[in-house]
Amino acid sequence: MTRSARRLPSRSSQRRRRALTVPFVLVALALGGCDSGPSGPGAVLARVTAPNLGAVVLEVEGAGIQGFAGRGDTRVYSAAVPGRSGVHRVILIDPVGGEITLEMQVDDVGMEGPIVTVVQAARADNASEAVRNLAVTVER
């Protein structure tokens, strides 16, 4: 055999290498899937949608909520619910009508929740809107 010639690995050494590689790859994939996403202070968005939506009263529940802000022309009024820790009533008014977006300032964007419940709503023409007609989505 010449110096530049190499021996091919035997079948048993290939099997051994494969037997060690497969569990390693599985462990690496499992650990890679453990990422819990972003954490730390920041904003969580909630969008309330219905045709011609002008105002909505929400109950927002979650630990570590520091404050609320509206997007665009939306005005926000909020207060903690007395006797219920981590629960806030939030009134959102949009003079234009349409989708209403609420920005919640939180201690940890990776928090559990928040839970957003529609209490009452009105269209831009001040007529009452059935709560069942609204869709609420929360985005991190």
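The numbers here are math on the coordinates, done by the rules we state, and not lab data. Everything numeric here is computed off the predicted structure, so don't read it as measured data. For neighbour counting, all protein chains shown are included, and Cβ atoms are generated from backbone atoms with ideal geometry for every residue, glycine included.
Brief remarks follow.
- The trypsin sites (Lys or Arg not before Pro) of segment 62-109 that meet both conditions, a loop assignment by DSSP and at most 11 other Cβ atoms within 10 Å of the site Cβ, are Arg84.
- Within segment 33-140, GluC sites (Glu not before Pro) in DSSP loop having at most 10 other beta-carbon neighbours inside 10 Å: Glu112
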